[in-house]
Amino acid sequence: MKATPVIAIHGGAGTILRQAMNAETEGRYHTALTVILSAGQRVLADGGSALDAVTEAVRLLEDCPLFNAGHGAVFTAAGTHELDASVMDGATLEAGAISCVTRVKNPVLAARRVLDVSDHVMFTAAGAEAFAAAQGLEFVDPSYFYTEARYQQWQKARGTSGTMLDHDATTKFAFPNGAGDTNDAGDPIDPDKKFGTVGAVALDASGHLAAATSTGGITNKQAGRVGDAPLIGAGCYANDATCAVSTTGTGEMFMRMLAAYDVSAQMEYRGVSLAEASDDVVMNKLPRIEGRGGLVAVDAKGNVVLPFNTEGMYRGFARVGEAPVTAIYR
Ligand code: ASP
């Protein structure tokens, strides 16, 4: 029997900001996640591909200022926005990615065009923008990515540059320049301890898997720094034979761990379940190198997992024909 099509998304992981926990702010996040899951679910219900469903879900997450991707992306140390995105088709193992773009409105659409039309897998910076322009994608003035909340958080991050943003005594990780992703002031997850990348994974009616990931990176990141999100195998991976994975967290550790691919490889080589493989990566292997964050993943049987080793992760999933399920905390 064929598994029911399903989509799962994340909007970043981090430490819960206890004083911000109130019904109203939580409600905004639940609503955004539900609306976006419903859109992805519709694509799947209409017989659309997993690839189309994840592309659409991540496009909507990029447009939503609550999340650190597209509109609402974080600031670099230079006061700019540099965006990264990737997408992978589990049916063909084709992939597309772009990094360090500053004017492409929806980076995930550029990544998707790379997958669809290019012989290459990844373009960066000026070359990526030239590719996107040649594909007729929408460009915006860099000010489009500006949000006041992100600006304030950048100012705060700059003030602590070179030190750890220590609002959480249990948190050992800090980027070398003190950067940590930040989100808007009403964010239930501590803005200084949150990784706000967005991502989606899906299984479609034909049994195909796909994954997509998009990010502004980490607040106050050095110009030119690229994290795991656009790297196939680190922040994004899909293979019909195993699973589809999208990650969020301390990108450098996810890169060193090839986190997304490791979930797939453990299933393939060790023959373990999706749950066991993803748990090992998120709860065991990443913490060993102080990797913080989580992932969403789905396998060809329709099993969905959303593990994270932080206090919270914006997340949810929706099976066709069923109400979307969303969550923030453990
Ligand atoms: N993984 C992303 C990066 O390192 C950050 C995030 O998940 O928010 O760029």
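What follows is calculated from the coordinates using simple rules that are stated; it is not laboratory data. As the structure is a prediction and not an experimental result, all values here were calculated from the model. When we count neighbours, we look across all protein chains shown, and the Cβ atoms used for this are built from the backbone with ideal geometry, even at glycine.
Annotations
- Helix runs (DSSP H) in the chain reaching 30 Å along axis by Cα, Kyte-Doolittle at least -0.5: 23-45
- Lysine pair number, Cα distance threshold 16 Å (strictly under), the chain, separation 8 or more or different chains: 9
- Distance between the range 284-330 and the range 109-125 - C-alpha centres, whole angstrom: 27 Å
- With at most 15 neighbouring Cβ atoms within 10 Å, loop GluC sites (Glu not before Pro) (DSSP) excluded, longest segment of the chain: 139-289
- Local charge for His30 was computed over the other residues whose Cβ lies under 15 Å away, with Lys and Arg +1 and Asp and Glu -1, and equals -1.
- The range 222-320 - convex hull of alpha carbons, volume per residue in Å³: 105 Å³
- Total formal charge among the other residues, if their Cβ is under 14 angstrom from that of Val104, Lys/Arg +1 and Asp/Glu -1: -2
- The chain - percent relative contact order, Cα under 8 Å, separation 6 or more: 26 percent
- Sorting Lys221, Lys285, Lys105 from the fewest to the most surrounding beta carbons within 10 angstrom yields Lys285, Lys105, Lys221.
- Square roots of 5 times each gyration tensor eigenvalue, C-alpha, the chain, largest first, Å: 27, 22, 19
- Residue with peak Gaussian network fluctuation, the chain [Cα springs, cutoff 10 Å], from Ser246, Ser278, Ser214: Ser278
- Ranked His30, His120, criterion: other C-beta atoms within 10 Å, fewest first: His120, His30
- Top of Asn220, Asn303, Asn68 by mean-square fluctuation, Gaussian network on the chain, Cα under 10 Å: Asn303
- When Ile189, Ile9 are arranged by Cβ crowding within 10 Å, least crowded first, meaning fewest neighbours, the order is Ile189, Ile9.
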